[in-house]
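The values are calculated or read from the model by the stated rules, or taken from the named source; none is laboratory data. Keep in mind that this is a model prediction, so the values were computed, not measured. Note: ideal-geometry Cβ built from the backbone for every residue, glycine included; neighbour counts use all protein chains shown. Ligands, DNA and RNA are excluded from the accessible area calculation, which covers all protein heavy atoms including side chains. Shrake-Rupley method; radii C 1.70, N 1.55, O 1.52, S 1.80 Å.
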Amino acid sequence: MAVLSYIIVPLVMALIGLGMVFAKRDLFSVFSEGAKDGMKTAVKLLPTLVILLSAISMFNSSGAASALSSFLSPIGERMGIPSEIIPLILIRPLSGGASTALIADIFEKYGADSFIGRCTSVIAGSSDTLLYVISVYFGAVGVKKTRGSVPISFFVMVFCVFFALFLCRVMFV
């Protein structure tokens with residue numbers, strides 16, 4: 001299996017190359033056109049991504065995320081949400097990189113096999129960076145009015161958090 005993992009990428013590249021050589025169509029120009037379209041899409045998305053990443057950075061750097069987390073911790077504890085994972089719940093919809101750093105920090109402090117670590121894993125696996133995904137996908141196709149997409153996405157995120165905590169309590173406690 002280890003040998004297969006080393007040769008799979010070169011093998012796929014060789015098969016693609018052979019397919020391009022023996023194809024009846026000019027696949028290189030088709031590939032070039034696709035790459036050109038991809039670059040146009042990337043350039044279209046750039047302003048949206050710069051604004052989104054700047055706003056997330058300002059939210060984290062200003063201390064607003066930690067202040068909001070401190071404010072919500074007592075409320076979360078009453079609702080059955082461990083205060084240690086509230087920062088993850090707040091950051092996860094905004095930034096994948098920041099949430100990954102929080103996950104690593106939680107694992108380091110409490111352990112991956114602890115109840116908090118397991119809840120963190122389930123929440124991270126069942127949620128996504130909502131604002132990033134919405135802005136990239138809608139920005140790529142030029143959607144200006146997201147209508148109910150953002151509120152519904154946040155509702156689903158909240159549902160995922162509570163369902164993840166429920167499953168962790170049922171499975172691991």
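Output the relative contact order of segment 53-131, whole-number percent, from Cα pairs under 8 angstrom with separation of 6+ residues.
26 percent
Tilt of helix 27-61 relative to the longest C-alpha principal axis of the chain, in degrees (0 to 90, nearest 10)?
Between helix and principal axis, roughly 20 degrees.
Let a ≥ b ≥ c be the square roots of the eigenvalues of the Cα gyration tensor of segment 42-173; is it rounded (a/c under 1.5), or, if not, prolate (a/b larger than b/c) or oblate?
It comes out prolate by the Cα gyration axes.
Assign one of three labels to segment 1-63, namely rounded, prolate or oblate, based on the Cα gyration tensor with a ≥ b ≥ c the square roots of its eigenvalues; rounded applies when a/c is under 1.5, prolate when it is not and a/b is larger than b/c, and oblate otherwise.
oblate
Which whole-angstrom value gives the distance between the alpha carbon centres of segment 118-173 and segment 70-92?
First find each Cα centre; the distance between them is then 16 Å.
Under the Karplus relation 6.51 cos²θ - 1.76 cosθ + 1.60, θ = phi - 60°, what is the ordered set of whole-Hz ³J(HN,Hα) values for segment 83-93, x standing for Gly and Pro?
4, 5, 9, 4, x, 5, 5, 6, 8, 3, x
Rounding to the nearest 20 debye, state how big the charge dipole of segment 1-147 is about its Cα centre with +1 on each Lys and Arg Cβ and -1 on each Asp and Glu Cβ.
640 debye
Please list, in order along segment 116-126, the HN-Hα scalar couplings obtained from phi with the Karplus expression 6.51 cos²θ - 1.76 cosθ + 1.60 (θ = phi - 60°), rounded to whole Hz, x for Gly and Pro.
Once rounded to whole Hz, the list reads 5, x, 5, 4, 4, 5, 5, 5, 5, x, 10.
Just how much of Thr100 is accessible, in Å², when a 1.4 Å probe is used and the result is rounded to the nearest 10?
80 Å²
Can you list the aspartates and glutamates whose alpha carbon sits under 16 Å from that of Lys109, skipping same-chain ones fewer than 8 residues off?
Leaving aside aspartates and glutamates fewer than 8 places away in the same chain, those within reach of Lys109 are Glu84.
Per residue, how many Å² of accessible area does segment 14-167 show with a 1.4 Å probe?
63 Å²
For the chain, what is the mean residue ellipticity at 222 nm derived from helices alone (per DSSP H run of n ≥ 4: -39500 (n - 2.57); sum divided by total residues; nearest 500 deg cm²/dmol)?
That calculation yields -27500 deg cm²/dmol at 222 nm.
Let me check against my output: what whole-number percent is the relative contact order of the chain, with C-alpha pairs under 8 Å and at least 6 apart?
Result for the chain is 20 percent.
Name the shape class, rounded, prolate or oblate, that the alpha-carbon gyration tensor gives for segment 99-173, where a ≥ b ≥ c are the square roots of its eigenvalues, rounded holds for a/c under 1.5, and otherwise prolate holds if a/b is larger than b/c and oblate otherwise.
It is oblate, given that a/c is not under 1.5 and a/b is not larger than b/c.
What's the carbon and sulfur percent of the chain's accessible surface, probe 1.4 angstrom, rounded to a whole number?
So the carbon and sulfur contribution to the accessible surface is 72 percent.
When the Debye formula is applied to the Cα atoms of segment 1-105, each taken as the same point scatterer, what base-10 log of I(q)/I(0) results at q = 0.19 Å⁻¹?
-0.96
Net charge within 15 Å of Val136 by Cβ-Cβ distance, Lys/Arg positive one each and Asp/Glu negative one each, not counting Val136 itself?
Summing Lys and Arg as +1 and Asp and Glu as -1 gives +2.
What does the charge add up to near Phe154, with Lys and Arg as +1, Asp and Glu as -1, over the other residues with Cβ less than 15 Å from its Cβ?
Residues near Phe154 contribute +1 overall.
With every protein chain kept in the model, how would you rank Leu167, Leu94 by accessible area, 1.4 Å probe, largest at the top?
Leu167, Leu94
Report the extension gain between Thr41 and Ile152 in nm, rounded to one decimal, defined as 0.36 nm multiplied by the number of residues separating them, less their alpha carbon distance.
Net length gain for the segment: 37.3 nm.
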